[in-house]
Amino acid sequence: MEMEQRPLLFFIVSAVTLLFCAAASAQSFIGVNYGQVADNLPPPDATARLLQSTSISKVPLYGADPAIIRSLANTGISITIGASNGDIPALAADPSAASGWVSANVLPFLPSSAISTVSVGNEIFQLADPSLSTQLLPAMQNLRSALAASPLSSSVKVSTVNTMAVLSQSEPPSSGAFHPELLPSLRGVLGFLNQTGSPFMINPYPFLRLQLRPPPGDPRLLPLPAQRRQARRQDRDHLHQHVRRAARRGQVRARGGRVRGDGDRGGGDRVALPGGRGRARRQRGEREGVQWQSGQAPAVEGRHALMPGKPVDTYIFALYDEDLKPGPTSERSFGLFRPDLTMTYDIGLTKSGSGSGQARNSSGAWCVPKEGATDEQLQADLDYACAQSVVDCGPIQPNGACYEPNTLRSHAAYAMNQLYQASGKNSEDCDFSQSATLTSENPSYDACVYPGGQ
């Protein structure tokens, strides 16, 4: 059974999952959440081949789908599987139920499939069900005992996913603290994670927070797709640091103010940050998404301010668009890939030389207006493109190399292509509310040169 989902910032951007690892140094990696709330996803074997063509090396699942786990065998990709909220009562009440769960969902796939963590339940402390909150820790303990009983699974960690709502306050980060009413249950869970060296996992949902209450002039909500690469990186890093520090402060306070040193066993921090973009509403003036990626996805190698030697695992949500998720368009549009395995946008995940089907322009190298585009559309396209800082519309000004012919269509074509080229040449960036198309014919003429080409 697949666990209940919300857009996680698994960068964890659907969730900020913070893992405090025992290793003093972290290896860079790219992790992406694999959700399945859709009826049009490719088969697991095709997904496994796609993942192997990318730099993605860690994949959290929301359940324990045997076909997916089996398809990732011998790929070297680390897998997090999930026990659903509905499994918790039985797992908590009966150690034999936990042994049965491990026998069915973990042992058959080891060691070929690299299962690293079992996540028990999803955001239990946010549910109006106090019985589940009290059953969570016994369920985790029973699963851990069942895993430890076999040499094959003894290294598999057990954790649970929380939201930032477990914090009573998070601003400024140094004042971060858990809700007092949650402390009795949280202390037990945190103690278990610390004792077993398992990660503390949390979903921050920064996209949803900024979407609902965007601060005036917040640079993280600049229009897509034109945004300076460095500005994106700085904004993303600032948010990550804020979330990590606030969550970590709350964890330390729940433990009575003690911070374990590098010599002590500990889990790690795993932070999930969403890539939400609201693709279907990506028209001018209706930007529903937040562009977290900077054009090239950096290998994640986060650190805590309080524990600089500890790594923070971070994941991007999500692998695919999920067409059956309820809610606004953005809920169904977090995918880095479409169900046909092509990239929604290119953030540098594809390995050099691999043919994974990117969203790069496959039908042409220049972006131009469609034949049926109206003057009203072209004027709006021209105004929008020239307003972006990455576009230089000087050549279509009087005395510019591309000023003649002095027609709206010619000027719009130049500006639209400039924006398309500057935005990474993803096919989505040559949409302009369906008034543009890609072409393989070079529109350059005389001294007017259109950037582009293979």
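Only residues of segment 136-153 count here: report those whose backbone N is under 19 Å from the spot 7 Å along Cα→Cβ of residue 195, or say none.
136-150
With a 10 Å radius around each residue's Cβ, average the other Cβ atoms per peptide and rank 138-149, 393-404, highest first.
Ranking the peptides 138-149, 393-404 by packing returns 138-149, 393-404.
For residue 54, enumerate residues with amide H under 5 Å from its amide H, sequence gap 5+ or separate chain, H modeled in the peptide plane.
The answer is 351.
Please arrange 445, 450 by how many other C-beta atoms lie within 10 Å of their C-beta, fewest to most.
445, 450
List the residues, sorted by chain then number, that are 5 or more residues from residue 83 or on another chain and whose placed amide H is less than 5 Å from its amide H.
Hits under the 5 Å cutoff: 119, 120, 121.
Please list, in chain and number order, the residues 5+ apart from residue 444 or on another chain whose amide H is under 5 Å from its amide H, with Hs placed from the backbone.
450
Every number in this text was worked out from the coordinates using simple rules, so none of it is lab data. This structure is a prediction, so every number in the text was calculated from the model and none was measured. Positions of Cβ are backbone-derived with ideal geometry, glycine not excepted, and every protein chain shown enters the neighbour counts.
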